[in-house]
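Here the structure is laid out as structure tokens; the discussion comes afterwards.
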Amino acid sequence: MNWSPPALSVLDLVPVRTDQSSGDAIQASLRLAKVAEELGYVRYWVAEHHNMPAVAATNPPVLIGLLASATARMRVGSGGVMLPNHAPLVVAEQFALLEAAFPGRIDLGIGRAPGTDPVTGWALRHGAGGVSDENATRFPEYVDNVLAMMDRSGVALSVGGRRHELHATPHATSVPTIWLLGSSDYSARLAAEKGMPYVFAHHFTGQGTAEALELYRSTFRPSPELKEPRTFLTVNACVADTTEEAERLGRAQMLTLLALRTGAPLAPLPLVEEAEQVEIPASHRVFLDAMRARWVIGTPAESRRRVAELAAEYDVDEVMISPIGSAFTGTDPGTAPVREQTLRLLAGR
């Protein structure tokens with residue numbers, strides 16, 4: 001059967017290996033973004049996670065500025081900013097400024113989860129953002145605030161009986177594309193209600209994707225910004241010349257996610273040789289097998305076919321790849337050749 005290849009994009013958590021500093025990991029991601037642009041990838045998004053030894057993506061706006069400066073054409077954005085962690089005006093100002101600097105290239109993806117543990121979540125909001133439950137409950141209000149504040153005409157507030165105009169940036173000529181992200185049907189409903197583009201975190205959960213996308217599409221209400229539903233798929237991928245080699249290269253990321261899901265201590269991403277030395281308890285193999293089934297791991301031909309199948313299954317014309325994979329001992333710490341390889345092979349290079 002002939003499969004029509006979808007457009008490809010990248011999701012980057014800026015992973016930190018045991019041989020890397022935070023600076024090394026950032027340099028590797030800057031290089032990865034340049035490779036993605038050379039290969040024709042549509043967009044490059046970075047996530048928001050906090051207090052995780054294996055993830056350097058703590059501040060999407062800062063990373064987006066670096067990535068947009070290192071590239072020339074590709075769209076760059078957040079996948080996503082966890083809005084309950086931040087004042088809506090701060091987010092609006094950050095992304096209005098990015099859009100002003102890189103017009104037509106910025107995406108603002110907004111999520112509802114904290115992206116961290118409860119203690120770190122409290123520290124993020126202490127003194128300004130309230131408590132996590134309050135902020136999650138007020139998420140729709142915060143989304144409305146960001147949308148209003150980023151409008152080129154600004155928003156008017158009534159304070160003390162007087163009208164006060166508020167602009168995220170003094171003279172905007174364009175605004176970023178704003179997406180809602182989620183791993184449950186909550187954001188699907190909200191995005192449909194507000195007429196916003198929506199992405200379900202298939203790479204993270206792999207369950208409920210079809211149901212969430214159907215809910216979004218069937219209840220979508222057109223808005224001035226978007227007349228029809230707009231979405232794409234996210235998926236973890238590791239591609240090599242053989243399936244066995246792809247499995248070997250992706251094992252480190254599986255161990256990291258296993259630790260996260262089982263409450264084990266978190267650590268930097270192990271190198272390929274280090275991951276091979278880790279014994280996996282039999283009780284965890286069912287979980288790993290289920291995770292593996294949701295990922296794209298294999299040869300170039302197998303992987304391209306699987307990506308096309310997923311795009312057809314979920315009726316999307318774009319697939320966002322999270323290129324997982326560690327590195328071998330002796331690799332230049334400022335590079336991520338395994339992740340670059342996945343992007344090249346999926347693009348047919």
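The values are calculated or read from the model by the stated rules, or taken from the named source; none is laboratory data. Computed from a prediction, not measured in an experiment: that's the story for all the values here. Cβ coordinates were reconstructed from backbone atoms using ideal geometry, including for glycine residues, and neighbour counts include every protein chain displayed. When the accessible area is computed, the model is the full protein with side chains, heavy atoms only, and any ligands, DNA or RNA have been set aside. Shrake-Rupley method; radii C 1.70, N 1.55, O 1.52, S 1.80 Å.
Annotations
- Restricting the stretch 191-207 to residues that are modelled with pLDDT of 95 or more and surrounded by fewer than 19 Cβ atoms within 10 Å (Cβ to Cβ), the residue that is nearest to Glu225 (Cα to Cα) is Gly195.
- For the residues Asp241, Asp144, the requirement of being surrounded by fewer than 19 Cβ atoms within 10 Å (Cβ to Cβ), among the acidic types (Asp, Glu) and not in a helix (DSSP H, G or I) singles out Asp241.
- At least 2 residues being open to solvent by less than 10 Å² (accessible area, probe 1.4 Å) and either out of contact with any strand residue (DSSP E or B) (no Cβ under 9 Å at 6 or more places or on another chain) or under 15 Å from Val16 (Cβ atoms) (or both) is the threshold, and among the helices (runs of 4 or more DSSP H) wholly inside the stretch 252-335 those reaching it are 272-276.
- Leu249 being hydrophobic (A, V, I, L, M, F, W, C) and crowded, with 20+ Cβ neighbours inside 10 Å: yes
- Subset of the stretch 162-215 [in contact with a Lys or Arg (Cβ under 7 Å, 6 or more places away or on another chain), under 23 Å from Ser322 (Cα atoms) and assigned to a loop (DSSP other than H, G, I, E, B)]: Pro197, Gly206
- With respect to the stated conditions, Ala113 fails to be under 20 Å from Gly80 (Cβ atoms), under 21 Å from the mean Cα position of the chain (by Cα) and modelled with pLDDT under 75.
- Residues in the stretch 49-63 that are modelled with pLDDT under 95 and under 19 Å from Trp179 (Cβ atoms): His49 alone.
- For the stretch 33-55, filtering for residues that are among the acidic types (Asp, Glu), touching a residue at least 12 places away in the same chain (Cβ under 8 Å) and more than 27 Å from Arg112 (Cβ to Cβ) leaves 1.
- Residue check for Thr231: modelled with pLDDT under 95, hydroxyl-bearing (Ser, Thr, Tyr) and under 21 Å from Trp45 (Cα atoms): no
- Which listed residue, of Thr177, Thr234, is in contact (Cβ under 8 Å) with a residue 60 or more places away in the chain, open to solvent by less than 20 Å² (accessible area, probe 1.4 Å) and among the β-branched types (Val, Ile, Thr): Thr234
- Verdict on Phe232 being of a type in the set (A, V, I, L, M, F, W, C), within 21 Å of the chain's Cα centre (by Cα) and assigned to a strand (DSSP E or B): yes
- Matching entry among Leu108, Leu30, Leu89 (being out of contact with any Lys or Arg (no Cβ under 6 Å at 6 or more places or on another chain), open to solvent by less than 20 Å² (accessible area, probe 1.4 Å) and touching a residue at least 24 places away in the same chain (Cβ under 8 Å)): Leu108
- Test result for Arg339, basic (Lys, Arg), open to solvent by 30 Å² or more (accessible area, probe 1.4 Å) and either over 26 Å from Asp117 (Cα atoms) or in a helix (DSSP H, G or I) (or both): no
- Thr219 vs. criteria modelled with pLDDT of 95 or more, within 27 Å of Leu343 (Cβ to Cβ) and among the β-branched types (Val, Ile, Thr): no
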